[in-house]
Amino acid sequence: NGLMAGKRGVILGVANNRSIAWGIAKALVAEGAEIALTYQGDALKKRVEPLAAELGATVIGHCDVTDLATIDNVFGEVEKLWGKIDFVVHAIAFSDKDELTGRYVNTTRENFLRTMDISVFSLTAIARRAEPLLNPGSSILTLTYYGAEKVMPHYNVMGVAKAALEASVRYLAVDLGSANIRVNAISAGPIKTLAASGIGDFRYILRWNEYNAPLRRTVTIEEVGDSALYLLSHLSRGVTGEVLHVDSGYHVVG
Ligand code: 0WD
């Protein structure tokens, strides 16, 4: 029973119980979805396993998106387990935290390329690998941030990466649309997660959003999860190439 009954999918990017991907996982399972989680390395495996158990989720394996063989392997395992799937959640990003502060102009070539590889190219690589497994009506979702649209203090190269990620969503939406596979993004407001802790002055950004967003507060991973439910379910079957702001409305004033 539920909105996602009979639907199966993969969620990449659960690091701990503060992860946005975890909020999405909870919302999907509450509506009857069966999910598989990946982890990045052994340190995160120990965190992801008990979380997966909490939801009755399958832990499908190690996936470091800088190693394309691990993407191939994870989707190979998913195919063995289920055959076809109905959704993929991409909640992955990385940049050297020394460059998530100060001036964008100082971005190094090495970190620029690494940030783009992990935070942008990975969505395309995952979409390509997942495509043959995706049923008609399937949905792919990624996570972006307002720093793609406007210059946000300290977000720097990650803002450039998110702009490219949002463009990727549009190109992928066209490529996969003829197979009735949809590709969308949620632009989440700031949330205190492991990844966010690398961003300079993050507490100030949270406070600024609380003061200025129309709802006068920040959002929770549960709220992002509920919006993700919409984009991953048949309720949004006419929606693709979209960037949905789940940010207490901050983007209308910021
Ligand atoms: O305010 C926020 N937290 C926002 C986050 C606002 C708007 C968007 N987002 C985005 C992030 O940019 C990211 O795309 O949401 C997505 C999920 O991030 P999160 O939930 O904020 O952060 P976290 O719980 O740390 O999950 C991100 C995970 C990594 O965690 P760590 O902190 O260990 O880097 O991305 C994964 C990893 O699990 N990840 C990778 N996975 C596979 N291969 C890799 C990699 N190379 N690098 C990072």
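Among THR218, THR108, THR142, the largest mean-square fluctuation in a Gaussian network model of the chain (Cα springs under 10 Å) belongs to THR108. For the pair ARG203 and ARG18 in one chain, pulling the backbone fully straight at 0.36 nm per residue adds 65.0 nm over the alpha carbon distance.
Helix-only arithmetic for the chain: the sum of -39500 (n - 2.57) across DSSP H runs with n ≥ 4, divided by the residue total, places the mean residue ellipticity at 222 nm at -13000 deg cm²/dmol. Rounded to two decimals, the Cα-based Rg/Rh of the range 145-220, with Kirkwood Rh, is 1.06. Among the trypsin sites (Lys or Arg not before Pro) in the range 151-238, those located in a DSSP loop and surrounded by at most 14 other Cβ atoms within 10 Å of their own Cβ are LYS192, ARG216, ARG217, ARG237. If the only charges are +1 at each Lys and Arg Cβ and -1 at each Asp and Glu Cβ, what is the size of the charge dipole of the chain around the Cα centre, to the nearest 20 debye? Once rounded to the nearest 20, the dipole reads 360 debye.
Taking the Cα centre as origin and putting +1 on Lys and Arg beta-carbons and -1 on Asp and Glu beta-carbons, what dipole magnitude results for the range 13-85, to the nearest 20 debye? Working shown, then result.
Values: 7 positive and 10 negative charges, 48 e Å.
For the range 13-85, the charge dipole is close to 240 debye.
Given their separation in residues at 0.36 nm each and the Cα-Cα distance between them, GLU242 and ASN180 gain 20.8 nm when the chain is fully extended.
Computed over Cα pairs, the Kirkwood radius of the range 83-168 leads via Stokes-Einstein (0.692 mPa s, 37 °C) to a diffusion coefficient of 239 µm² per second.
Candidates SER236, VAL246, SER95 compared by Cα position along the dipole of the chain: farthest toward the positive end lies VAL246, with charges placed on Cβ.
The Rg/Rh ratio of the chain, with Rg taken over Cα atoms and Rh as the Kirkwood radius over Cα pairs, comes to 0.94. Taking GLY13, GLY238, GLY225 in turn, the Gaussian network model of the chain (Cα-Cα springs below 10 Å) assigns the largest fluctuation to GLY238. With 21 Å as the limit, the listed pairs LYS45/LYS162; LYS97/LYS162; LYS7/LYS162; LYS46/LYS80; LYS7/LYS80; LYS162/LYS192 have LYS45/LYS162; LYS7/LYS162; LYS46/LYS80 beyond it between alpha carbons.
Read-outs: derived from the displayed coordinates by stated rules, not from any lab. What you are looking at is a predicted structure, and each value in this text was computed from that prediction instead of being measured. All Cβ positions, glycine included, derive from the backbone under ideal geometry; neighbour counts span all protein chains shown.
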